[in-house]
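K.L.:
Below is one structure. I have some questions about it.
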Amino acid sequence: MALWGLIYWAFLLLLALAVICVLLYCGYIHYIHMKYDHIPAPPRDSFFFGHSPKMMKVTRSNELIYDLLLDWVLKYGPVVRINILHKVTILIVSPDAVKEYLMSPNYKKDWFYDRLSNLFGIRFMGKGLVTDRDHDHWYKQRRIMDPAFSRTYLTDLMGPFNDNAEKLVETLTERADGKRHVGMHDMLSRVTLDVISKVAFGMELSSIEDDQTPFPQAISLIMRALVEMRNPFLRFSWEKQGFIKNVQKSVRLLRKTGRECIERREKEIQDGAEIPVDILTQILKGAALEEGCDMEDLLDNFVTFFIAGQETTANQLSFAVMELARHPEILEKARAEVDEVIGARRDIEYEDLGKLQYLSQVLKETLRLYSTAPGTSRALEQETIIEGVKIPPNATLMFNSYIMGRMEQFYPDPLVFNPDRFHPDAPKPYFTYFPFSLGPRSCIGQVFAQMEAKVVMAKFLQRFEFELVEGQSFKILDTGSLRPMGGVICRLRPRTNSGT
């Protein structure tokens, strides 16, 4: 009886502690509400969960959460509060605020980037260039990486860009009978994967020709996980345990591949072999200069560049193909420029890229309408006023290029695909267009990505007539980055007048 008495009192004590914890948490949430509720926002769905039930419902129905946020901005103004549990994020669509908080090095990335450091308990991007919140440490890494993105190195990449784009064209030619359905997003994802593997890390994946390579599926799973993680209770869902294990397996695959790649390059350096000035070399150079850098630190940047260098460019190209197919007059103008600049040549030269002005406009307009990496965020340490709204200290500010790119006040007829918005004589967007972010934390690989996109798109336009298969969806799928939900299914035919 004494034992049961102890158990009973222990149970009561635990119950009392649980009740106290819940009450304290409720009190803290109430304090957060009092601190931020002067900021405009839609009504919360729940005292505890804030706006997350509505946002999770949108995600589960395969609708785009940024369209919901755009609706909120149009209704509540340029400064909108978003509550999720005890966290508050302030969505800002002010060009002046974009200029202030993204262009300045004084504002650090916020807590969200810590979520990219690990995925379900497995180290993912760690403290790589994207996720590093320590400005001094990030700056050291960025300075070390810069030579791999210098004009000299990028000019030398034209060979690999051409070779991989040519492999894509050859594979598509086998399917270009005017009848077969070709998933362009899948094919473009494979070519960008092969490019980043080769030019950044010296790996020959040949995923264009190898349908069995596990990397495209691994990357897709990881990107999907970044969206699923918006659900704070995902880890406790029984039905998601299989998905979580597959994501963990995918992260381990990338880091294992990176380890093998790094060890192979280290051996080549020891053997005195000729070493390219690529991203992998710069990662190792950084390790040599930084005391205490271990293999896991090296793998952080391997994974960062492997993911970032493949996913967003493939998505941009896919959206561009989709929009060109929907706008024959724009397609013909872009193709005429390619014919004039490239003609029937197999290889595109570095100097040709600057002459493909209209194609540049097409690619830029694609990123305005479909900002594949839609947003970024910053930590606000001091109280400030934005657009007349007082923002308390220690707030998280979110900026979104997708939302601003679809607002009438910044772009007339914003849903119309119009490359002339980016004509050299057109007014430049005033801090409303930032698909690669802005300022010191802007994407280091944006020139690399746009060179690659131009080469692949120019070759595709040079060689093929194409049309979209009827009945497919033109909706946008959020997988951490934005991609076409329907996969951009096309029928292809070789161009009879391309001279190739």
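K.L.:
Net charge around Gly202, counting only other residues with Cβ within less than 13 Å of its Cβ (Lys, Arg = +1; Asp, Glu = -1)? Walk me through the numbers on the way to the answer.
P.N.:
Numbers: positive: Lys198, Arg264, Arg265, Lys267; negative: Asp194, Glu204, Glu260, Glu263, Glu266, Glu268, Glu274, Asp278.
Summing Lys and Arg as +1 and Asp and Glu as -1 gives -4.
K.L.:
A further question follows. In segment 277-343, which GluC sites (Glu not before Pro) fall in coil by DSSP and have 15 or fewer other Cβ atoms within 10 Å? Write out the running numbers ahead of the final one.
P.N.:
On the way: sites: Glu290, Glu291, Glu296, Glu311, Glu323, Glu329, Glu332, Glu337, Glu340; in loops: Glu290, Glu291.
Filter output for segment 277-343: Glu290, Glu291.
K.L.:
Over its Cα atoms, what ratio of radius of gyration to 2.2 N^0.38 Å does the chain give?
P.N.:
1.05
K.L.:
Follow-up question, since we're still on this one. Rank Ala314, Gln462, Ile20 by how far each Cα sits towards the positive end of the charge dipole of the chain (+1 on Lys, Arg Cβ; -1 on Asp, Glu Cβ) and give me just the farthest.
P.N.:
Ile20
K.L.:
So which GluC sites (Glu not before Pro) in segment 178-266 end up in coil per DSSP with only 15 or fewer other C-beta atoms within 10 Å? Write down the numbers at each step before the final one.
P.N.:
Working: sites: Glu204, Glu209, Glu228, Glu239, Glu260, Glu263, Glu266; in loops: Glu204, Glu209.
Taking segment 178-266 and a limit of 15 other Cβ atoms within 10 Å, the loop GluC sites (Glu not before Pro) found are Glu204, Glu209.
K.L.:
Hey, another quick one. Taking the Cα centre of the chain as origin and charging only Cβ (+1 Lys, Arg; -1 Asp, Glu), how large is the dipole, in debye to the nearest 20?
P.N.:
1440 debye
K.L.:
Name the residue farthest towards the positive end of the dipole of the chain from the options Thr257, Ala10, Ala325, assuming +1 on Cβ of Lys and Arg, -1 on Cβ of Asp and Glu, about the Cα centre.
P.N.:
Ala10
K.L.:
If I model segment 364-500 as equal point scatterers sitting on the Cα atoms and use the Debye formula, what is log10 I(q)/I(0) at q = 0.14, 0.17, 0.20 Å⁻¹?
P.N.:
Listed by q, the Debye log ratios stand at -0.87, -1.18, -1.41.
K.L.:
Same structure again: How big is the gap, in Å, between the Cα center of segment 4-36 and the Cα center of segment 113-184?
P.N.:
The two parts, judged by their Cα centres, are 47 Å apart.
K.L.:
Next up: Helix-only estimate, please: 222 nm mean residue ellipticity of the chain, summing -39500 (n - 2.57) across DSSP H runs of length 4 or more and dividing by its residues, to the nearest 500.
P.N.:
On the way: 17 runs with 261 residues, N = 500.
The helix-only estimate for the chain comes to -17000 deg cm²/dmol at 222 nm.
K.L.:
Follow-up. Say each of Asn246 and Val447 gets a label point 7 Å from the Cα, pointing the same way as Cα to Cβ; how far apart are those two points in nm?
P.N.:
4.0 nm
K.L.:
Another one. My understanding is that a pair violates if its Cα-Cα distance is over 28 Å; which of Lys57/Lys108; Lys108/Lys240; Lys57/Lys475 do that in this structure?
P.N.:
Lys57/Lys108; Lys108/Lys240
K.L.:
Turning to a different aspect of this structure: Check the straight Cα-Cα distances from Lys54 and name the aspartates and glutamates below 19 Å, setting aside those fewer than 8 residues away within the same chain.
P.N.:
Asp37, Asp45, Glu63, Asp67, Asp71, Glu228, Asp478
K.L.:
Going by C-beta contacts inside 10 Å, put Tyr76, Tyr36, Tyr402, Tyr28 in order with the fewest on the left.
P.N.:
Working: Tyr76 15, Tyr36 18, Tyr402 24, Tyr28 11.
Placing the least packed residue first, the sequence is Tyr28, Tyr76, Tyr36, Tyr402.
K.L.:
What Kirkwood hydrodynamic radius do you get for segment 107-251 when you take the inverse of the mean 1/r over all pairs of distinct Cα atoms, in Å? Walk me through the numbers before you get to the answer.
P.N.:
On the way: mean 1/r = 0.0553 Å⁻¹.
Computed over segment 107-251, the radius equals 18.1 Å.
K.L.:
Moving to a separate point now. Show which lysines lie in cross-link reach of Lys35 when reach means a straight Cα distance below 18 angstrom and same-chain residues fewer than eight apart are skipped.
P.N.:
Of all the lysines, those that pass the test against Lys35 - Cα under 18 Å, at least 8 places apart if same chain - are Lys87, Lys390.
K.L.:
Can you give me the orientation-averaged projected area of the convex hull built on the Cα atoms of segment 1-67, in nm²?
P.N.:
Mean shadow area of the hull around the Cα atoms is 7.0 nm².
K.L.:
Another question, if that's okay. What ranking do Val488, Val19, Val130 get, fewest neighbouring Cβ atoms within 10 angstrom at the top?
P.N.:
Working: Val488 27, Val19 10, Val130 24.
So the residues, fewest neighbours to most, are Val19, Val130, Val488.
K.L.:
Residues with beta-carbon under 10 Å from that of Glu170, excluding Glu170: net charge, scoring Lys, Arg +1 and Asp, Glu -1?
P.N.:
-1
K.L.:
Where does the charge balance sit around Phe215 when Lys and Arg score +1, Asp and Glu -1, over other residues with C-beta under 14 Å from its C-beta?
P.N.:
With Lys, Arg at +1 and Asp, Glu at -1, the neighbours total -2.
K.L.:
Just the number, please: Stokes-Einstein D of segment 273-352 in µm²/s, Kirkwood Rh from C-alpha pairs, 37 °C, 0.692 mPa s.
P.N.:
Answer from the Stokes-Einstein relation: 198 µm²/s.
K.L.:
Which Cα, out of Val130, Ile196, Leu154, lies furthest along the positive dipole direction of segment 121-245 (beta carbon charges, K/R +1, D/E -1)?
P.N.:
Projecting each Cα onto the dipole axis, the largest value belongs to Val130.
K.L.:
Additional query: Could you list log10 I(q)/I(0) for segment 428-478 at q = 0.13, 0.23, 0.27 Å⁻¹, which the Debye formula gives when each Cα is one point scatterer?
P.N.:
-0.60, -0.98, -1.00
K.L.:
If you wrap a convex hull around the C-alpha atoms of segment 1-136 and split its volume per residue, what is the figure in Å³? Let's see the in-between values first.
P.N.:
Numbers: hull volume 26.8 nm³, N = 136.
Output value, Cα hull per residue: 197 Å³.
K.L.:
Considering only DSSP beta bridges with both partners in the chain, what is the antiparallel share in %, to the nearest 5?
P.N.:
Rounded to the nearest five, the antiparallel share is 90 percent.
K.L.:
Could you state the per residue volume, in Å³, of the convex hull enclosing the Cα atoms of segment 377-455?
P.N.:
Looking at segment 377-455, the number lands at 131 Å³ per residue.
K.L.:
Got a sec? How would Lys364, Lys57 order by Cβ neighbour count within 10 Å, fewest to most?
P.N.:
Fewest-to-most Cβ neighbours within 10 Å comes out as Lys57, Lys364.
K.L.:
Report, ordered by chain and residue number, the aspartates and glutamates lying within cross-link reach of Lys109, taken as a straight Cα distance under 20 Å and ignoring same-chain residues fewer than 8 apart.
P.N.:
Output for Lys109: Asp96, Glu100, Asp132, Asp134, Asp136, Asp297, Asp300, Glu381, Glu383.
Read the figures in this text as sums done on the coordinates, not as results from a lab. The model shown is predicted, which means the values in this text are computed figures rather than measured ones. Please note: Cβ atoms are built from the backbone with ideal geometry, for glycine as well, and neighbour counts cover all protein chains shown.
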